[in-house]
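Participant: What follows is a single structure, and I will ask about it in a moment.
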């Protein structure tokens, strides 16, 4: 029987392993921190910035019914707004996002990465981004939605 280690595993060690069995050394992203990091990403990219994927494709605006294929990571730098948020939070988390979760919905990311409410926030801001909403408007919308009572936990 092998001894359990709590050290982070390298990419080479985790290739082919189930993501949920991986140890992590980073702290979970809190909702307040996610909001702060989203605001930093918007400030860096500009409130009017509209996401363009690595293939040069972007949605045609707020009224678009077509979502584009979004990428958390463009090469080795943050791509979409969620990629920017997770990169700012923790580079190890960002590396795991890139190596194991690219192409996955926010809901598929490990729950232990986040405190309560963070995945909902990320999904809302991501969905707005993916239909061509400028990042500043997407963030404002996500913040507004979070303030509305839903009756859910």
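The values are calculated or read from the model by the stated rules, or taken from the named source; none is laboratory data. What you see is a predicted model, and the numbers here were worked out from it, not measured in a lab. Every residue, glycine as well, gets a Cβ built from its backbone with ideal geometry; the counts of neighbours run over all protein chains shown.
Participant: Pick from segment 118-153 the residues that are exposed (fewer than 15 other Cβ atoms within 10 Å of the Cβ) and part of a loop (DSSP other than H, G, I, E, B): which of them is modelled with the lowest pLDDT?
Facilitator: Once the filter is applied, the top-ranked residue is 153.
Participant: Next question. Name every residue in segment 88-109 that is more than 17 Å from residue 128 (Cα to Cα) and either surrounded by 21 or more Cβ atoms within 10 Å (Cβ to Cβ) or in contact with a helix residue (DSSP H, G or I) (Cβ under 6 Å, 6 or more places away or on another chain) (or both), in order of residue number.
Facilitator: 88, 89, 93, 94, 96, 97, 98, 99, 100, 109
Participant: State which residue is surrounded by the fewest Cβ atoms within 10 Å (Cβ to Cβ) when the search covers only segment 73-87 and only residues that are under 10 Å from the mean Cα position of the chain (by Cα) and within 16 Å of residue 50 (Cβ to Cβ).
Facilitator: Among those that are under 10 Å from the mean Cα position of the chain (by Cα) and within 16 Å of residue 50 (Cβ to Cβ), it is 79.
Participant: Report yes if residue 42 is modelled with pLDDT of 95 or more and surrounded by 12 or more Cβ atoms within 10 Å (Cβ to Cβ), otherwise no. Break it down into steps so the answer makes sense when it comes.
Facilitator: Details: modelled with pLDDT of 95 or more: yes; surrounded by 12 or more Cβ atoms within 10 Å (Cβ to Cβ): yes.
Against the criterion (modelled with pLDDT of 95 or more and surrounded by 12 or more Cβ atoms within 10 Å (Cβ to Cβ)), residue 42 qualifies.
Participant: Go through segment 25-45 and count every residue that is touching a residue at least 60 places away in the same chain (Cβ under 8 Å) and within 14 Å of residue 81 (Cβ to Cβ).
Facilitator: Quick first cut of segment 25-45, residues touching a residue at least 60 places away in the same chain (Cβ under 8 Å) only: 25-31, 34-35, 38-39, 41-42, 45.
Next, from what is left, pick out any that are within 14 Å of residue 81 (Cβ to Cβ): 29, 34-35, 38-39, 41-42, 45.
Of the residues in segment 25-45, 8 are touching a residue at least 60 places away in the same chain (Cβ under 8 Å) and within 14 Å of residue 81 (Cβ to Cβ).
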